[in-house]
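The values are calculated or read from the model by the stated rules, or taken from the named source; none is laboratory data. Predicted model only: the values in this text are computed from it and were never measured. Virtual Cβ from ideal backbone geometry, glycine too; neighbours counted across all protein chains shown.
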Amino acid sequence: MSRLMRTAAAVSLALAFAASASAQTPPSPTPVPPSQMSTEERIRQLEQLLADTRAELEKLKASSSSAETNAKLEELSRRIDILAQEIQNLKMGEAAPELEAGAKAGEKTAERYGVGPAAARVYGIKKGVSIGGYGEILYSNYASTNQSGAPANIPDFVTDLRAVVYLGYKFDQHFVLNSEIEFENAVVANDKPQGEAEVEFAYVDYTNSPAFNARAGLVLIPSGLINQLHEPTAFLGARRPDVDDVIIPTTWREVGAGFYGTYGPVSYQLYGVNGLNAAGYTAAGGIREGSGEGSMALAESWAFAGRLDFTAVPGLLVGASVFSGDAGQNQYTPSGEKISALTTLVEAHADWRWRGLWLRGIYAHTTVAQADLINQLNNFEGTESVGSVQEGWYGQLGYDVLSLVSGSRMNLIPFVRYEQYDTQARVPVGYLRDPANDVHGWTFGAVYQPIPQLILKADWQQRHNEAQTGVNLWNVLLGYVF
């Protein structure tokens, strides 16, 4: 069902209910067909319906209580949630694609395609080339001392953190090519070690139906809430959460193939991909540098990645994922012992958006078998040990205060996040944990969106660790998506 059809259904549903809820309410005029409205006109009409429905809800609350009244109250609340979700979908503007025939109303692009709204533009065209992208410009200001009071000696900086182009091509109604090309820190040169140019994903899809589709190429691992949805408008905070950067090595991609789809309130993704390389594991970075990233990745060992999400309640996403596979890549310790290094990352996540409220949380847990052999392979000693258990979690609360302003086209979301992670939650016998890798802290900030495609973020981060060397910082970010 296209976005226009979804909008028409929501408008018709709200009008029909408003007419039946109160005999005194005069019938609404016949709406202009959605195909003849601009996006702004459709948003205004839905917002008016939302305001009328809320007014009707308040009138019913003031009336005498009865079983019939209570049933109407529940139904009105449900209609309000549907209208609010539809308005949010429309406010995504041109960054959101039209869904193909058979997609359910209110369906999010992440649940359907496993990529962000701008990255999914190619699925909404009939045929030919699609171009989109996003960018982030970041300023970070570090405290002069760490948590113990010693000098921090970390310079402040400003950088064009990411400039991304999505290039896609829709060959016909079934075959789609999609890719993301990213430039980090503006310049790739010998004297600019932070600069990188990367292909974040590049795959071909066979789109059969909402319930079953195939994908092959350089794919995003379907883990967590940020790895697949990493556009700046898709999360709060100037920086991605540390758990989604350290425990889950965002942006994590490998070469492989698999299937994905949605059936009713359930969406799934299943992939077989090249395994990680245990030679890249470190104490502080966890499994991050074990990723092949599609660049001459060792393929002696393979892995499985899977994900399930449930969206039975409007605005609520609950799910879990798993990545598991050997990371030995046919390597041996100096003493000649073969390494398998089975690595398994499991995580559970939830995201709830209800009217102006936005709640989000995640827990991730990684186990690495034969961490002692990996230490021997890399000549790690003492606190340099790879963590045999690595884990982290965070909880986040935000509220769009401008959702209380009738007719507002802007978003202003103050938020708070607490997170904790440890890349050495457990180490092999004979090795030591580094307390600097046991990290926790708060992030307080706000994001402002004058239009759906532009976002300004500012926050303060408290970064503490058990070694007392954490350094707090301020961040300001300008982001865009198209």
Residue under question is residue 452, and the condition is that it be under 30 Å from residue 307 (Cα atoms) and at pLDDT below 95; does it hold?
yes
Just to be sure I understand the filter: pairs with C-beta atoms under 7 Å, separated by 6 or more residues or on different chains, first member in region 465-482 and buried (at least 18 other Cβ atoms within 10 Å of the Cβ) and of a type in the set (S, T, N, Q), second member in a loop (DSSP other than H, G, I, E, B) and modelled with pLDDT of 95 or more. Which pairs pass?
472/143; 472/462; 472/463; 475/238; 475/239
Using the structure shown, decide if residue 139 is surrounded by 20 or more Cβ atoms within 10 Å (Cβ to Cβ), aromatic (Phe, Trp, Tyr) and in a strand (DSSP E or B).
no
List every residue pair whose Cβ atoms sit under 8 Å apart, with the two residues 6 or more apart in sequence or on different chains, where the first one lies in region 46-61 and is more than 8 Å from residue 76 (Cβ to Cβ) and the second, anywhere, is polar (S, T, N, Q).
46/7; 47/406; 51/406; 59/22
Is it fair to say residue 317 is in contact with a Phe, Trp or Tyr (Cβ under 6 Å, 6 or more places away or on another chain) and touching a residue at least 24 places away in the same chain (Cβ under 8 Å)?
no
Matching option when the condition is of a type in the set (D, E, K, R) and surrounded by fewer than 16 Cβ atoms within 10 Å (Cβ to Cβ), among 300, 254:
300
Selection status of residue 251, of a type in the set (Ser, Thr, Tyr) and assigned to a strand (DSSP E or B):
no
Can we say residue 233 is under 23 Å from residue 476 (Cα atoms), touching an Asp or Glu at 6+ places or on another chain (Cβ under 6 Å) and assigned by TED's automatic domain parsing to the domain that holds residue 418?
no
Considering every residue within region 404-424, establish whether at least one is free of Cβ contacts under 8 Å to residues at least 60 places away in the same chain, more than 23 Å from the chain's Cα centre (by Cα) and closer than 22 Å to residue 249 by Cα.
no
So, residue 377, is that one crowded, with 18+ Cβ neighbours inside 10 Å, touching a helix residue (DSSP H, G or I) at 6+ places or on another chain (Cβ under 9 Å) and either assigned by TED's automatic domain parsing to the domain that holds residue 241 or at pLDDT 95 or above (or both) or not?
yes
Can you confirm whether region 269-279 contains a residue that is surrounded by fewer than 19 Cβ atoms within 10 Å (Cβ to Cβ), within 23 Å of residue 380 (Cβ to Cβ), in the same structural domain as residue 212 (by TED's automatic domain parsing) and at pLDDT 95 or above?
yes
With the requirement that a residue be in contact with an Asp or Glu (Cβ under 9 Å, 6 or more places away or on another chain), in a strand (DSSP E or B) and more than 21 Å from residue 201 (Cα to Cα), what does region 293-331 give you?
309, 316, 317, 318, 319, 320
Given (1) touching a Gly at 6+ places or on another chain (Cβ under 9 Å); (2) in contact (Cβ under 8 Å) with a residue 40 or more places away in the chain, identify the lone condition not met by residue 430.
(1)
Of the candidates 240, 288, 307, the one satisfying the condition of being surrounded by fewer than 21 Cβ atoms within 10 Å (Cβ to Cβ), among the basic types (Lys, Arg) and under 24 Å from residue 359 (Cα atoms) is 240
Just name the residue that is surrounded by the most Cβ atoms within 10 Å (Cβ to Cβ) out of those in region 380-418 that are among the aromatic types (Phe, Trp, Tyr) and within 28 Å of residue 462 (Cα to Cα).
394
